[in-house]
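Data block below; observations after.
What follows draws every value from the coordinates through simple rules; no lab data is involved. What you see is a predicted model; the values in this text were computed from it and never measured. Neighbour counts run over all protein chains shown; Cβ positions are idealised from the backbone, glycine included.
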Amino acid sequence: MKIHTVLILAGGDGDRFYPLEQKVLFRFNGKTVLQHIVESVKDLTEQIVVVTSADNESAIKSDLSAHKVQYVVQTKDASGQADAVLAAKQYLTKDALIMNGNDQYDFSIIKRTISKTKEEGNDMGIIARYMESYFPGGYIRFQGEMVAEIVEKPIPEKRPSNYYNMSTHYFNNCLLFVQELERHSSSDDLYERAFSALLKKKYATCFKYDGGYATLKYSWHVLSMQDYFFAHHLTKSIDSSATIHKTATIEGDVFMGKNAKVGAYSKITGPCYIGDNVVVGDHSLIRNSTVEQDSLIGSGCEVARSYLAKGVMLHRNYVGDSVLSEGVSMGAGAVTANYRFDAQTVKTPIKGTLVDSQKGKFGLIAGKDVKIGVNASTYPGVKLSAKTMILPGEVVKKDIL
């Protein structure tokens, strides 16, 4: 039996994802994150409701035009998760599932969580994942075997448990949760406080999940999301219209789209996703990377463990562990450094505070239409805002935002 509503929260990016934009519309294996979610949950529910912002409303509607979806626009002065739920309260009068629009995991566990919640006679269901090391977000406090509270962003050393709140919640009567949200004063953690308050009156089933999981919070999480899709959803396929030089080598799981071209003595080592109309010049190497449609990888390039969006142009470059947004161009000889000589993980500033990426190799995050001159280089973890221009030979040591 289908549930009444699946509510997908897709309202905004936040400062953490900058200089990248519209994280729910990032494409992996040929589809956006949001398309992957909608296609996975559509058979579970009578209706799908997506909460957007004014900034991404039109783009999301275009992206999901093939699907039957209701939309709610979240106002600019109401940007939190709780505000997004309240904006859609007209759809939340019966049973409902609330989930983030930027998460990926084995969505089959949603149905199992709902079934388990009903079998146990509980009012709510929550999916939690065991995290050995700290990941920013909320954590579950248990009282015995029962879920007692969601503690939002605890100090890493004071986590109430290792079970991370995946922000996928089922309510057999979602109106009760809406009323709890309206009862509490506004704050960044209103959603978690209201959920925890409801736990004092109602019981919740916790589904403890230990499978693959990826989310887009910080910009470098695009690389982790790419790894998730390569591991779980990549289809090995080379379109019949693709042209591969007889001396080129294709190894492992590689998807290659329409009219893609691979030049002489080049090598593509999977997992890789190569989009439509991509041109890979002679003597180039691509490994463990996404190269989206209409991009040019000129002769003598190496692209390793990176994500290249639509229309990226490379000319004899090294791009490692980096994310290049749509329209980024790198002049000949420009490179991205991705490794610290002291072998420490790469840290990068977010709103004035150094944040540990927890990555031993982490190169460049470049916003849309960044231009990097010949023989320029960037330090590990550097972020460049859209339309930044780097002069030839320049060494970029800090963010330009």
Determine which residues of region 164-204 fall in the zone a paramagnetic label at M146 would reach in this model, i.e. backbone nitrogen under 15 Å from the point 7 Å along Cα→Cβ. 196-204
Using a Cα-Cα cut-off of under 16 Å, which aspartates and glutamates could be cross-linked to K267, ignoring same-chain neighbours fewer than 8 residues away? E251, D253, D282, E302
For the chain, with a Gaussian network of springs between Cα atoms less than 10 Å apart, report the residue from L20, L199, L97 with the top mean-square fluctuation. L199
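Which chymotrypsin sites (Phe, Trp or Tyr not before Pro) in region 326-401 pass both tests, a DSSP loop state and at most 12 other beta-carbon atoms within 10 Å?
F341
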Quote the FRET efficiency, to the nearest 0.05, computed for D253 versus A332 with a Förster distance R0 of 41 Å and r equal to the Cβ-Cβ distance. 0.85
Only counting other Cβ atoms within 10 Å, I'd like Y163, Y134 sorted with the fewest neighbours first. Y134, Y163
Among all the aspartates and glutamates, which ones have a C-alpha under 18 Å from K200's C-alpha, if same-chain residues fewer than 8 places away are not counted? E120, D123, E145, E149, E152, E180, E182, D189, E192
Given 25 °C and 0.890 mPa s, compute D for region 287-373 with the Stokes-Einstein relation, Rh being the Kirkwood radius over Cα pairs; round to the nearest whole µm²/s. 184
Identify all lysines with a Cα-Cα distance to K68 below 21 Å; exclude those on the same chain that are fewer than 8 residues away in sequence. K2, K31, K42, K89, K94, K111
If each DSSP helix of 4+ residues adds -39,500 (n - 2.57) and the sum is divided by the residues in the chain, what number results at 222 nm, nearest 500 deg cm²/dmol? -5000 deg cm²/dmol
In region 235-396 the DSSP beta bridges are antiparallel at a rate, in percent to nearest 5, of 10
Within region 294-386, pairs of Lys residues whose Cα atoms are less than 19 angstrom apart, provided they are eight or more positions apart or on distinct chains, add up to 11
Quick check: pseudo-label points 7 Å beyond the Cα along Cα→Cβ at F107 and E182, how many nm apart are they? 3.1
Where does the chain land on Rg(C-alpha)/(2.2 N^0.38 Å)? 1.03
Once you charge only the Cβ atoms, +1 for Lys and Arg and -1 for Asp and Glu, what is the size of the charge dipole of region 235-396 about its Cα centre, to the nearest 20 debye? 200
Is the C-alpha gyration tensor of region 1-156 telling us rounded, prolate or oblate? Criteria: a/c under 1.5 is rounded; beyond that, a/b larger than b/c is prolate, otherwise oblate. oblate
Starting from 0 in steps of 5 Å, tell me what percent of the Cα-Cα pairs of region 235-396 lands in each bin. 2, 10, 18, 23, 18, 14, 9, 4, 1, 0, 0
Residue among T243, T205, T378 with the largest mean-square fluctuation in a Gaussian network model of the chain, springs linking Cα atoms under 10 Å: T243
Sticking with the crude label model, points 7 Å out along Cα→Cβ, report the distance from A197 to D227 in nm, one decimal please. 3.9
GNM, the chain, Cα, under 10 Å: largest mean-square fluctuation among S187, S53, S167? S187
Rg/Rg_ref, region 338-401, where Rg_ref = 2.2 N^0.38 Å and atoms are Cα: 1.11
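Rounded to the nearest 5, what is the percent of antiparallel bridges among the DSSP beta bridges in the chain?
25
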Obtain the nm distance between the two label points defined at H4 and E46 by a simple spin-label model: each point lies 7 Å from its Cα along the Cα-to-C-beta direction. 0.7
Provide the net charge surrounding E132, with neighbours chosen by a C-beta distance below 12 Å and charges set as Lys +1, Arg +1, Asp -1, Glu -1. +1
Just in region 306-401: which trypsin sites (Lys or Arg not before Pro) are loop by DSSP and have at most 14 other Cβ atoms within 10 Å? K351, K387, K397, K398
Neighbourhood charge, 10 Å Cβ-Cβ cut-off, centred on V6 and excluding it, Lys, Arg +1 and Asp, Glu -1: +1
Region 11-92: trypsin sites (Lys or Arg not before Pro) falling in loop per DSSP and having at most 16 other Cβ within 10 Å: K68, K76
